[in-house]
Structure formats: C-alpha cells, structure tokens
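Read-outs: derived from the displayed coordinates by stated rules, not from any lab. Keep in mind that this is a model prediction, so the values were computed, not measured. With ideal geometry, Cβ positions are generated from the backbone for all residues, glycine too; neighbour counts draw on all protein chains shown.
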C-alpha cells in the first residue's frame, strides 16, 4: 500500500515537472558580433528596449525604440514572423524583453548578449 502511494506521488510530481517544462518559453541569444554579421544581410527587426534618452545617446542605425516599460502595451505591433533581435545597454533588459515575447508566442526572438556595450558596428546619435 505504501509503495503504491509513493508511486502515485512520483507520477503526479513527474507530470507537474513535465508540464512546467513544456510551458517554458524559449528564446535564443546572439553575441553583438553575430548580430553585426547578419545586420545588413538578413531581414531582421532590431528592437532597442532602453529608455529614450539612452537611445538618443547612441543606437544601432535602423533600430526601433520600444522601451521595456512599454513593451507589454505595444508588443502586438511586432510581426510574429520577423526575426526579432532585442538590444539594451548590457543585455539584461533585452533578455527580459526576449523572455516576455517568447511567452507571448513569438518564435524567432533573440537577445543580443552584451548589448550596446559590446556593439562594434556603426552607432548613430541624436533624434
């Protein structure tokens, strides 16, 4: 009887663990060097999740500003088929944004590890 009870608990715990893993949203990561390699060759949507003042100080040409704090209200504007690369100052906020989009069902989402601190390409400034 005790063996049967422990076996049932084991099965329930295993089912919960599998269900938890299945719901885990996935996104990938790219280094700044990898992003630089595909920047002009591939059709990508580069989303900068920093604040507006940070964006004005220096951004990757063609990047679209969508601050992390506004992402939850505006993410539907992003195409679900596009390769979305998220960037911030160091890669932390963009990682949070990548996780959020993946949880919303976006499949082709990438966090640029190292953020603008690691970017060696062209940077533009101003409005």
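Pairs of alpha-carbon atoms within less than 8 angstrom and 6+ residues apart define the contacts here; what relative contact order does the range 26-118 have, in percent?
In percent, rounded to a whole number, it is 39.
Determine the relative contact order of the range 32-75: mean sequence separation of Cα pairs under 8 Å and six or more apart, normalised by residue count, in whole percent.
It comes to 36 percent, rounded to a whole number.
Ratio of the range 26-118's C-alpha Rg to 2.2 N^0.38 Å, to two decimals?
After normalising by residue count via 2.2 N^0.38 Å, the value is 0.95.
Under 16 Å from a label point 7 Å along Cα→Cβ of residue 125: give me every residue in the range 36-62 with its amide N that close.
Those under the cut-off are 53-61.
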